[in-house]
Structures are given as structure tokens and as C-alpha cells.
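Below is one structure, written out as C-alpha cells, with a few remarks after it.
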Amino acid sequence: MVKGSGKGWLRRKKGATLFCWRNADAVERSRVIGSAKMDDKTAWAKIGELGLDKQLADTDSCSVTFGELAEKYLTKYPFNKQSTKDLYEQVIRNVLMPKWTDAVALNVKASELKSWLLSLDVSDCTRGKYRARMSHIYEWAKSEELIPEFVQGTNGIVSSNPCTRVKGPEFSQESDYEALTLEVEDTFRLLSEIKGKNGEYEIALLVATCGFRISEALGLRWRDIVWDKGCARIRQTYVHSTVQEGAKTRLSRSRVEVPHLALSVLATWKRESMYSTEDDFVFPSIKLVGKKPRTGTMLVQDYIRPAAIRAGILIERKNELFSKEGDRLSRFGFHNLGRHSLASFLMDEQANPAVVQAIMRHSQMDMTLYYAHSSKKQKRAALDNYAQHIVPAQTLRVPLRVPASA
């Protein structure tokens, strides 16, 4: 007789929240406990009230399915941010579970998993992320003692996580995406071309000069601007139409220095805005009567990209974007205008790398260097400098090639 599976799991289906479990005969059972709008905490409390937890038997790690582990992971794992959970859940429900829901977790073979991943028509970076998401579920399940640490493999004892044996260059999580960075004059032209009158210029200037992530800038309330100290506090972010308390990382919670020019522009904007009390958002949605901030994707679509096209920074052909050098661009937005361009400019100006890291609020210098792209001007100047050393300008000639001996 096969035992059931732990504490069961929640499932949202057809407008309802269901509590699911396996009975002592390994048969899945379920019961509706409320509407789909019921949150997890309320749902588990309801389960206790109804005594449904008494229906369960102990987990049999040898028969638990990947789908059961995934549901428990999504319900129990302490994600720091709702936006992170949303991203993980999208991959788990739309990619992993359709294939592996009914597979017994300990019976998933690395060779089968690798073949399936390679069959997906996605980039190596995306494929690597899928493997990483699946691996995280297995590692969490081991830490919760839902499955054993090791199992007997063909060639001896191996990890119960089959993802650890799926290797190869096809699973690299390094993206080949190279962000477009703007020269100072390009940023000036772009800002000059922004036509909006409801804070569009102000938020673009703030992002360009301070290194704000757009989610951080949209989450700002007027009380977060510390005028006398010339900085702003990151207390909340706006991601996926949701205001989330806290910042992306510990360093992101630090204060952001704001140049005097940007502070002056913000002060003018506060006097002009319909929403200027301390609790109001700095960049509120007029359509939502100030209850939520503006939407970043809409700002990019309606103002930032059109301004870049008018400024000659971007070229649009057949609904595709190209740089003025002719390179096809997969995306362009606030991150290009702000963090990539700002870090590159500061590095080009030979600012102290530690200062640049602090401005970017990165925990590791490697990430700062990732954002700091060499500008074409700097590369050309470096090459010209080298050329002048090997061919002094006063000689006005290029050294002759020595003919090969006969």
C-alpha cells in the first residue's frame, strides 16, 4: 500500500481554490475550500478549520510526483518578492509541469530530462534557466525532507536531483544580449524629445542621472525624497502592477544620491502635480486617480522609444528597432537610458570603480563591470593612442612589410 503525500497542496481552478491530497491508496483527492481569490494563508487556515489535514497520511518519498513537489514549493517556499514568485510560477506551470507533473520525482532520469530540454526551441540561456528552476524545486524538497538526499543510480549513489547531472554548453545561463548604451549627447537629445507633460520627462531625467531602476522610481512617494540631504530612500518598488514593500536587494535599500539639477526639476514637478502630498506617488497614474504609479512598459512604448526614434538614436523598420549603426535591438528602455549608460559614462570618465559600484548599488564589482560598456569613442581613442606609439606621427609613414625570403 502506497502512502499519501505530506500536507497536500493548493490548486486554483475554474474560479475556485482546491485543497488536494493523496489518500493512503495514492489516489488524488480534492475539495473546494473557497474562491480563487483566497490567499494561501487564509486557505491553509480554512483547511485546518475543516479538519482536512486529518485526511492525510505521511509522505512516501518514493512515490511523490514532481507535480506534488512543485505545488508544495510554490505554496511553501519563502520568496522575498511576489514578482520573483510570479516569474518562477510562470516557468513552473507553463513549461515544467505540463511535461513532468505526473512523473515520480525520483524516477526522472537525467538523460531523459536533458533530451527534453534540448528539444525546446529556446536559447541556451533560457534553457539553462528552465533547468535551474527545476533544480531549485528538487533542492528545496531535499531540505524539507520530502525526498532523500541520494538515490541508487546505475553507477552507484547519486544525488536525487537529476538536474545536477544535466550539463553542457547548451545550458549556459549567460545571455549573449548586449545592451545599447547612450553617449552623453544621445541622452541629451532623447530627453529633449520627450513630449509628455505628466511627469514623463521628470522620470526619464531621474532614471538617467541617478541609476534608479524603473521599478524603484515608480515606487517613489514624495515622503521618500529627502530634499535637504539631496537623496531618495527606496522603500517600495512597483512591479507587475503591484506595489511591493522593500527593495530588490539589501544594497538596493540604501539611499540614492540625487543631483541638484534633478532635485530642482522634481521640486517644480511637485508644484505642478495634482498629487503632491507626502503619501502620494511621485509619478502617479492619472487614469487611476493617483492610487497607483504609472506603468513602466507604457512609458517606454508611448514616450521613451518614440523620443529615441525622433532623436535619431533608434531606427524603426517594419516594426523592428535598430541602432543608428544598424544593429538589430531586441529591447530598449529605461535600463538603457539609465543604468547601462550611466555606469559606462562614469567608467569612461575614470571614476573610482568603488564609487560607481556604490552608485549602482551592486553587491559585487563583477555586476558593475557588466553594466559598464566601453563606448565607441573610448575604444577609438585607445586604438589611436596605441597606433601613435607604434607609428610616430612625425614619420608620416607606415612601416614597410618585410618581403618573405625566397
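The values are calculated or read from the model by the stated rules, or taken from the named source; none is laboratory data. From a predicted model like this one, the values you see are computed outputs, not experimental measurements. For neighbour counting, all protein chains shown are included, and Cβ atoms are generated from backbone atoms with ideal geometry for every residue, glycine included. In case anyone asks, the SASA skips ligands and DNA or RNA and just uses the protein heavy atoms, side chains included. Shrake-Rupley method; radii C 1.70, N 1.55, O 1.52, S 1.80 Å.
Centre-to-centre separation between the Cα atoms of the range 177-252 and those of the range 322-344: 16 Å.
Largest accessible area first, the residues Trp227, Trp140 order themselves as Trp227, Trp140 under a 1.4 Å probe with ligands, DNA and RNA left out. Distances between placed amide hydrogens fall under 5 Å for Phe150 paired with Ser160, all partners being 5 or more residues away or on another chain. In this Cβ point-charge picture (+1 for Lys and Arg, -1 for Asp and Glu), the range 91-193 has a dipole of about 700 debye about its Cα centre.
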